[in-house]
Structure formats: C-alpha cells, structure tokens
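Below: one structure, written as structure tokens.
The values are calculated or read from the model by the stated rules, or taken from the named source; none is laboratory data. Note that this is a predicted model, so its numbers are computed, not measured. Methodologically, a virtual Cβ is constructed for each residue, glycine included, from the backbone with ideal geometry; neighbour enumeration extends over all protein chains shown.
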Amino acid sequence: MQALSQAVVLAADDPGQPGEAGVLAALAPRFSVHRTARRRTVRRAWLDTFDWRLHRAGFTLEYLTGRRPAELVLTGPDGDVVTQQASRLNWPALPGDLPAGPVRDRLCAAAGIRALLPAARALSTVQQLRVLNEDAKTIAWLTVDHTAVSYPAAAQLPARLQVSAVRGYQPQADRVAQLLAAAAGRSGAAGCPLDAALAAAGRHAEDYSNKLAIQLTPGMPGRLALRTILLDLLDTIQANVPGTLRDIDTEFLHDLRVAVRRTRSALKLAGDVLPAGLAARFAPEFKWLGDLTTPTRDLDVYLLGYQDMADGLVSAKPAELAPFHDHLVGQRGAEYRRLVRGLRSARFTRLITDWRAALTDLAPARGGPRAIDLATARLRRAHRKVLRQGQAITPDSPAERLHDLRKRCKELRYLLEFFASLFGPQAHQRAVKDLKGLQDCLGEFQDRQVQQQELREFAGQMMADRDTPATALLAMGELAGQLGVRQHRARAEFAGRFRDFASPASERRFDALTGRASL
Amino acid sequence: MKILATYNIKGGVGKTATAVNLSYLAAQDGLRVLLWDLDPQAAASFLFRIRPRVKGGGKALIRGSREIDGAIKGTDFDRLDLLPADFTYRNLDLVLGATKKPTRRIARLLAPLGADYDVIFLDCPPGISLLSESVLQAADGLLVPLIPTVLSLRTLDQLTEFIGGLDGKRPDVLAFFSMIDRRKRLHLDIASQLPAERGDVAATAIPALSLIERMSVERAPVAAFAPRSRAAQSYRQLWDEVKKREL
C-alpha cells in the first residue's frame, strides 16, 4: 500500500541541470535504486468538466489505458489516490453513467450533473524503480514518467519523478523526495502534469467559468466598462455553443442561456451609454435567441428533477409516472432539434459576428459617465424599483406582480454581478446575500406556477395519445397538487422575505455599498 | 475479514515459513493481507527485511495507547503489509494479564482493520499462554504445522482438547504435515495415512527442502524468489486447500 509523497520534475532543455541518472545518483549512499521490469506505455486522458469542477475542488482525474486493464485514477486534494478499473470508456461521459465503484462515488459528488471531457491527452512511458534502504528493503516506489502530450497541442513534457512511500516509511520517502528535488536543481518540485500539458498548449486550467471574469476600474469610461461586460458575456455564449450542439450535458445550454439573459439585462439597464441605436438594434435579436433556448431548457429542468418528483409521490407509484417521462423525452428531442437548427442558422451566426464587431469597434463616448458613476446610478435605480414594487404587493396582489418583482430582482442581481469588481468583495457579497433570500422565494413561487401550467399542457398532449394510461394522468395530478402546495408555501413566505430585504440594516448595507462606490 | 493463525505448542515446526508464504500467496491472489509477527524472535519481520521495532512496544499496542494502524509497515509486495515483532512481545502475557478480558483482547484490537484487509495472518510464538488463548479466540482458522512423529500427533490431540474446552468462539483447526523428510519411512507413512483418517489434517504436506531454509538468506517468501520450485508449489497447494476451507 502506497501513499504519494512528492513529485520532482527535471528541467527539459537545460544543459546545466543533471539528467535522470545524475538525479538518481544523489540518493547514494543512504538509498539505492533498483530498476524493475515494470516499464509500460500508458495512454492517459485527464478529464474534467467544462467548468473545471474537479480542478477547482483540488481533484485530478486520469483515465489510463494500455496493456493492463484500463483504470480511472482520482487524486484528491490531500494527495490521496483512489483507483477503479473501468474498460472501454468513451468521453464525454456523465459521472452517473460510469461503472459503479469508489471513483464514481467521489466524481458524482464533485462533478454533479456535468459531463467529464478530456482536458488533455498524452502517451507516457512509465518506469517503476524501487528505492531500497540499507537492509535492501523497499521503502518507496519511484515512478519515472516520460510524457508526450497529443492534445490540446503536441508537446514533450520534462521527465517527472514521482515518489510514493511504502506504508510505514513516509519519513524516509520524504527524504528521498528532498534529495531528488535538491539534485534536480531549480526545476525541483512542480505542479500536476495536467497543468504542464495545458501550459504547453498555451492554456491553463479553470480558463472557463460561467461567472463574469472581468476587472473594471472606477475611473474608466462607463461605455468601455459595459463593453468589457458584454464581451465577456459574448465569450461565454460562444464557448457554450459547441457543447450545446453536441448535447454533452444540460449545463452548456444553461450557461449559454444565462449569458444571453445577462446580455439582454445589460442592454436594457445600461444600453443608453452605447452609441445611439445599438441596443435597440440588437435587443430583439437577443430576445429571439433567449426564446429559442427556453423550451429545451424547461424540459431539461423537468428531466433533471424527474427522479425527485417521482420519489416524492405519496398516493401514486413512481412507476406510474413513466409515460410522463417518455413524453418529456420525446418533447425534448423535438425541441432540441429546433434549437440546433436555430444555433446553426445564418441568423445566429450573423448575430454573433455583428455583435462582436460592434463591440470591438466601440469607441469611448465623449463626456459619458465614469464606470463607478454608471454602476452606482443604475444600482440605486434598480434597488429603488425593487423596493417600490415589493412594497406595493399585498396578500391579495395577483401573481403577475410577484413575477414582475422577480424580474426587477434579477436585474438588480445582474447589476451587482456586472460591477462586482468596483466594490469591496465583502460589501458586495453581503448585498447579494440580502437579495438572494428574496430571489429564492420569488423563484420558487413562479417556477412552481409555471410547472403547474406546463403539467396541464403536457397532460392535454398526452390525452391525445389514446395509449396513455389513466394512472399516469392521476400521478401527474398528484404532482400538480404538490407543486401547488409548494407555490402556496412560497407565497406565504414572501412577506417575511421582503421584510428582511427592505429592513433598515439591509438598506444601510446597500447604501454603504453604493455610497462607498461614489467616494 | 478472516483471521488465520499459524500456531503450535512446539517450536521449530515451520510456523513462520508457513505464515510468510501463505500471506504472500494470498496477496498474489488479489487479497489485501496483513501479517502480524507476534513472535519476539521476529523471524517473519526479518524475512520481509522489516526492522522488529514497534514504538511503545507491545504494551502500547495491547493497551491501545498506540494505534495498530500506525505501526503497520508495507512489505516489498503489493497488498501485503506487516505488523512487525518487537522484543517486548516476550512480555505480552504480563501486559495481557493486566487488561480486562485478556483472552478477547487480540480480537478487539484487530476488529477495526476489517475495512483495510481481507485476511490477517497471526504468526504466533510456541507454547500455551494467555497470548495464545487470546489468539485462539480471535482466529477463524488455526493452521497447525506438524512434524510427522507420534509425539507431534499427541500434541495435536492436546491442542484440540484444549480448544474444545474454550469458552465462546473456537477456531477451525487445520493441521498439516511440515518438514517431511522423504528418506524417513515413518514420515511418509504418517503423512499419507492421517489425512484420510482425520478431517482436521490437510492433504497437502510441506517437504523439508533446502530452498525453504534458503528463505532466510534471500529474505523473501520462497514463492517470490523461486516461484516454480517444488517448495513454492507445495505452499501454493496448501494455500488452495486453506482457501477452500477457511475463506
């Protein structure tokens, strides 16, 4: 049984540094090295989700294939290694679709509903050596790894020596790693080989996030700040198109959709700082794009939550809901084909090309507001709107008023996100937290209402098919009832949630945020 | 998790050679194996090139003030770990005597290792003592090497009688002939007759071979340094028989 001790990377093309033999010689006289017959060629693929969930959580997942049975190797944040044999896997794959075992269990927790994709591929020649103490006892294994990366770009990585302690010999293995690192000179210890493989292709891990990755400065022109925001959102839209077209997992479409919604909000809330007519020209096109994505996403939400819904049935049996599942899958297939046609259309290509060209050519406006002034003014206005509309809601108000308020809350939230880099992170996080409780309640209220309406429509469509059993419709009736109860509960919670949001303490925090911003 | 002990009241009958080779073969079969060298002479530890030293000595292990887990060493072979001997093990009877329910102590100490190992071998020192009683209570199977002499058979009967008189869990006894000298008529006669007559004697017998003695020079299981030898084949055959009966 082995525990990872440390990895040492030899310098690639540095004639001043000792080679592999020179580094190993540094272990004498305390330790000796014994070469074993364990030399093999391994094909390796490093896998992660598109949004780097494993890397962010400190995991490295490798799929090794070669002469031996193929295996998944998951290295955790503390260097703990879990392996699982798994032959003939094809990527991308959802964690839940992998063969049962310890690696799958950990992956399901870390990657959730996102598919695993190859982040890099390589061919490695691996030689194992024993490190022996003066009793000729193996105290550590040394793995010498020569890796040629083939994807995302061809590159030869520097030789990598990895020390794994035999159980009970960790201090000696650490000493071995220290001696090797000292002999290897300046290259010494290094990060994981995935990072090196990506760096060889000019990439780095975590180079995609569905969150805005921008840095605005208070004094920059407001128009350029908005341009920075919109370009980042456009990058996100484009980054998610291939994954959506390949239907790799549901979150490509989700991220694309959110970026479109944020773009539309930005145009609505601050489009006036753009040259005249630009926002008005593109807003209808982004509405078209948003609408194009809605039916598929709604069906995805149903299918993602299907098992929980089925398990939550009290009167009906989960199996009775199966025709509903089949109906959802069928509907989703049809809607997805429509979505793909839209994303492959000339209209979509033109929108993306023209929008990027328009943003790239944008020049700063003369006399326009500074970024900080734009942010403060729009945030205050959006905040005022939320307060005004929320205060007008009484227990008798129709559902539409709550829906409108939800939209205002989303707009305020997006503004907070757009301009986050202008504010202190703590004040910004508190403002988001104050808003989030209200948003969750309004979201629950509206989503459950929409789902009830959709259920009725689905039931109507399914009735047209004479083979639909009555038990399926009864089970759907029970689902609609449960959704109604949840919507009712959210409505009852609204007054309290709004009171918290509009509390003097929360308002003071918001004033402090925008007040500090104006300093 | 199964616990198998190599045990005999007599010394020098091949207990350690059996424990070392069978634990190696079990690990080769893909099982996760721990061998606890309970003999202060530390022969099993020596054969695996592991220094016979446990921090805090046997007292700390038995009292539980030192986690067994932290004293375990990996051998040079995949899936095979060793809990080394320590010279203080010579006093284990005294340490056990000072604990509550001493005869159940070894079983209690090993219970938490169930998640890490499929088989635990206990290589016991000779004699009947409080330690051996605690081992007998912990073990699922007792592997008893016998030199085919009338006196050895008498010892097996004494052991069986002793186990029969134990309270609680009793191990399944499987004796086998060890160190058989093919030149001795008596050895061959007893080794061929007895397995047919007694259900607690294995059909496999381990011959007296110089290669087995050579283990102390090679410091490795015979099945590792001479896998195709007759000695290795004999242990493989014995392991197959033990597996069928005990696992």
Search result, residues across the stretch B:193-239 that are touching an Asp or Glu at 6+ places or on another chain (Cβ under 8 Å) and among the β-branched types (Val, Ile, Thr): B:Thr204
The stretch A:363-417, residues that are without any contact (Cβ under 8 Å) to a residue 40 or more places away in the chain, of a type in the set (A, V, I, L, M, F, W, C) and surrounded by 15 or more Cβ atoms within 10 Å (Cβ to Cβ): A:Ala377, A:Leu405, A:Cys409, A:Leu412, A:Leu416
In the stretch A:129-166, the residues that are surrounded by fewer than 18 Cβ atoms within 10 Å (Cβ to Cβ) and within 14 Å of chain B (Cβ to nearest Cβ): A:Asn133, A:Glu134, A:Asp135, A:Ala136
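So that you can scan it fast, the table gives a plain yes or no per residue for (1) without any contact (Cβ under 8 Å) to a residue 24 or more places away in the chain; (2) within 24 Å of A:Ala357 (Cα to Cα):
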site	(1), (2)
A:Thr250	no, no
A:Leu269	no, yes
A:Ala283	yes, yes
A:Lys287	yes, yes
A:Pro295	no, no
Residue count, the stretch B:38-52 (criterion: in a loop (DSSP other than H, G, I, E, B), among the aliphatic types (A, V, I, L, M) and touching a Leu at 6+ places or on another chain (Cβ under 8 Å)): 2
Close pairs from the stretch B:114-135: first in contact (Cβ under 8 Å) with a residue 40 or more places away in the chain, partner surrounded by fewer than 21 Cβ atoms within 10 Å (Cβ to Cβ) and aromatic (Phe, Trp, Tyr), Cβ under 7 Å, at least 6 apart: B:Ile128/B:Phe162
Pairs, first over 30 Å from A:Asp300 (Cα atoms) in the stretch A:114-142, second among the aromatic types (Phe, Trp, Tyr) and outside any strand (DSSP E or B), C-beta under 7 Å, six or more apart: A:Val131/A:Phe31; A:Leu132/A:Phe31; A:Asn133/A:Phe31; A:Ile139/A:Tyr169; A:Ala140/A:Tyr169
Among residues of the stretch B:37-95, those that are buried (at least 24 other Cβ atoms within 10 Å of the Cβ), within 14 Å of chain A (Cβ to nearest Cβ) and of a type in the set (Phe, Trp, Tyr), counted: 1
Yes/no for A:Arg356 being at pLDDT 95 or above, assigned to a helix (DSSP H, G or I) and out of contact with any Leu (no Cβ under 9 Å at 6 or more places or on another chain): no
Residue selected from the stretch A:301-340 under the condition touching a residue at least 12 places away in the same chain (Cβ under 8 Å), charged (D, E, K, R) and part of a helix (DSSP H, G or I), by the criterion nearest to A:Leu474 (Cα to Cα): A:Glu320
